[in-house]
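Each remark here refers to the structure printed beneath this line.
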Amino acid sequence: MFPLMGMFKTITVILLVGLVAWAYQAIQPLPPKICGAPGGPPVTAPRIQLKDGRYLAYKEHGVPKDEAKYKVVFVHGFYTCRHDASFFLPEKTAEELGIYLVSFDRAGFGESTPNPKRTLKSTALDIEELADQLGLGSKFYVLGFSMGGQVVWTCLKYIPHRLAGATLVAPVVNYWWPGFPRNVSKEAYNQQLLRDQLAVGIAHYFPWLTYWWNTQKWLASSAIVKNPDIFNTADKQLFPMLAERRKDYLEYITQQGEYHSLHSDLKIGFGKWEFDPMDLENPFPNNEASVHLWHGDDDLLVPVTLQRYVAGKHPWVNYHELKGAGHLLYYEGVPDAILKAALLGEK
């Protein structure tokens, strides 16, 4: 009897050790498939090499740079890439106003090298270095959409001296920014689907679990599994057009690995920030530049209540709220209005 009991104890220990080993392996992300490296995707885009050795892929839009009156750096959102800038730059508007716009794949997306040391500040510095290497001059405009809009806050924090103006379009909001009253952030947080409450909570409190969590299709963020329930009726009307225009590069977006692009976005976007955007002071006290924030009042992905609160903290932010609009502010006429407000000061 006693020998048998000892054997069961041994088996139990072995099983526990095996379970721990399996769990450890399960939460370890796969290494990235780096563009241009052996076994990685090919390099097809023009790229610059950054000071730390990483590469940044970019794409130029609009009028030739040397003929441009306005030079704009576009920052793409979640599950998008440099190609998606075209939705915000109608060809006619670019020619009419003389706009040169450069978009780039953020670290880990498309053909830009993943950044294992990525921080809030690093993307802002990538933008500054891109502008310098492309010769955009001492000042340039930044325009960011969704998660890219969130990046614009970091530009206002870390490189305001380089900005001719800044525009945030439906920027993602971090529910844990200290400036939010608890009841305001809690109410907005609870408006999310349950799976999204859990996914962003994991990214904030247990970032080491983000990879495993978001590789489980029944747990992953709605934005990763492309759940249409996070978009309103107006957004869904754009789906056929988006599907047609994005079909040739959709798989390209995460070709180096979802952990090094999408999961990294979640950890940075919803992690603990080293500054609170609501504490920022006016970076342009002499009105030498302007800041614009655009949001739909029916955005099911980023609650408008939080955006109103953030904008209300900053009288120097020109807040534009679009009635009936959701998250995808590509609706006809909206990109024109966004550009003309940023570049010409039109209301």
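The values are calculated or read from the model by the stated rules, or taken from the named source; none is laboratory data. In this text, all values refer to a predicted model and were calculated from it rather than measured experimentally. Reconstructed Cβ throughout: ideal geometry from the backbone, glycine too, with neighbour counts over all protein chains shown. SASA here: full protein model, heavy atoms, side chains in, ligands and nucleic acids out. Shrake-Rupley method; radii C 1.70, N 1.55, O 1.52, S 1.80 Å.
Annotations for the structure displayed:
- Region 276-318 - percent relative contact order, Cα under 8 Å, separation 6 or more: 50
- Added length on full extension, which subtracts the Cα-Cα distance from 0.36 nm per residue, residue 43 to residue 289: 84.9 nm
- Within region 246-347, the GluC sites (Glu not before Pro) that combine a DSSP coil assignment with at most 15 other C-beta atoms in a 10 angstrom radius are 251, 274, 281, 288, 332, 346.
- In this structure region 50-143 gives 37 Å² per residue of accessible area when probed at 1.4 Å with all protein chains present.
- Over 37 Å [Cα-Cα, the chain], rounded percent: 19
- Built from the Cα atoms of region 197-273, the convex hull projects on average onto 5.9 nm², one quarter of its surface area.
- Kirkwood Rh (inverse of mean 1/r, distinct Cα pairs), region 83-138, angstrom: 13.1
- When only the Cβ of Lys, Arg, Asp and Glu is charged (+1, +1, -1, -1), the dipole of region 265-313 relative to its Cα centre reaches about 120 debye.
- Normalised by 2.2 N^0.38 Å, with N the number of residues, the alpha-carbon radius of gyration of region 179-222 equals 1.23.
- Accessible surface of residue 305 - all protein chains present, 1.4 Å probe, nearest 10 Å²: 50
- Note on residue 51: lysines with a C-alpha under 28 Å away, same-chain residues under 8 apart excluded, are 33, 59, 65, 71, 117, 121, 139, 157, 267, 272.
- Screening the chain for DSSP H helices whose Cα atoms reach 27 Å or more along their own axis and whose mean Kyte hydropathy is at least -0.5 gives 2-26.
- Farthest towards the positive end of the charge dipole of the chain, among the residues 212, 256, 277, is the Cα of 212, using unit charges on the Cβ of Lys, Arg, Asp and Glu.
- Charged-residue dipole, Cβ positions (Lys, Arg, Asp, Glu), region 150-266 about Cα centre, Debye nearest 20: 180
- Per residue, the solvent-accessible area of region 152-259 (1.4 Å probe, heavy atoms of protein chains only, all protein chains present) comes to 48 Å².
- Considered as an equivalent ellipsoid built on the Cα gyration tensor, region 62-172 has semi-axes of 21, 16, 13 Å, the largest given first.
- Carbon and sulfur %, accessible surface of the chain computed with the full protein complex present, 1.4 Å: 57
- Projecting label points 7 angstrom from Cα along Cα→Cβ for residue 91 and residue 249 puts them 1.6 nm apart.
- Considering only 150, 221, 55, and ranking their Cα positions along the charge dipole of the chain that arises from unit charges at the beta-carbon of Lys, Arg, Asp and Glu, the one farthest toward the positive end is 221.
- The loop-placed trypsin sites (Lys or Arg not before Pro) in region 35-112, going by DSSP, that have at most 11 neighbouring Cβ atoms within 10 Å of their Cβ come out as 51, 69.
- Rounded if a/c under 1.5, otherwise prolate or oblate - region 261-310, Cα gyration tensor axes: oblate
- Average Cα contact separation per residue, the chain, under 8 Å, 6 or more apart, as relative contact order %: 19
- Cα-centre dipole for the chain with unit charges at Cβ (Lys and Arg positive, Asp and Glu negative), debye to 20: 920
- The mean sequence separation of alpha-carbon pairs under 8 Å and at least six residues apart, normalised by the residue count of region 174-303, gives a relative contact order of 37 percent.
- Each principal axis of the Cα cloud of region 296-347 was taken in turn, and the coordinate range along them, longest first, works out to 28, 26, 13 Å.
- Checking every one of the trypsin sites (Lys or Arg not before Pro) in region 123-224 against DSSP loop status and a limit of 15 other Cβ atoms within 10 Å picks out 139, 217.
- Relative to the current alpha-carbon distance between residue 313 and residue 52, full extension at 0.36 nm per residue lengthens the span by 90.3 nm.
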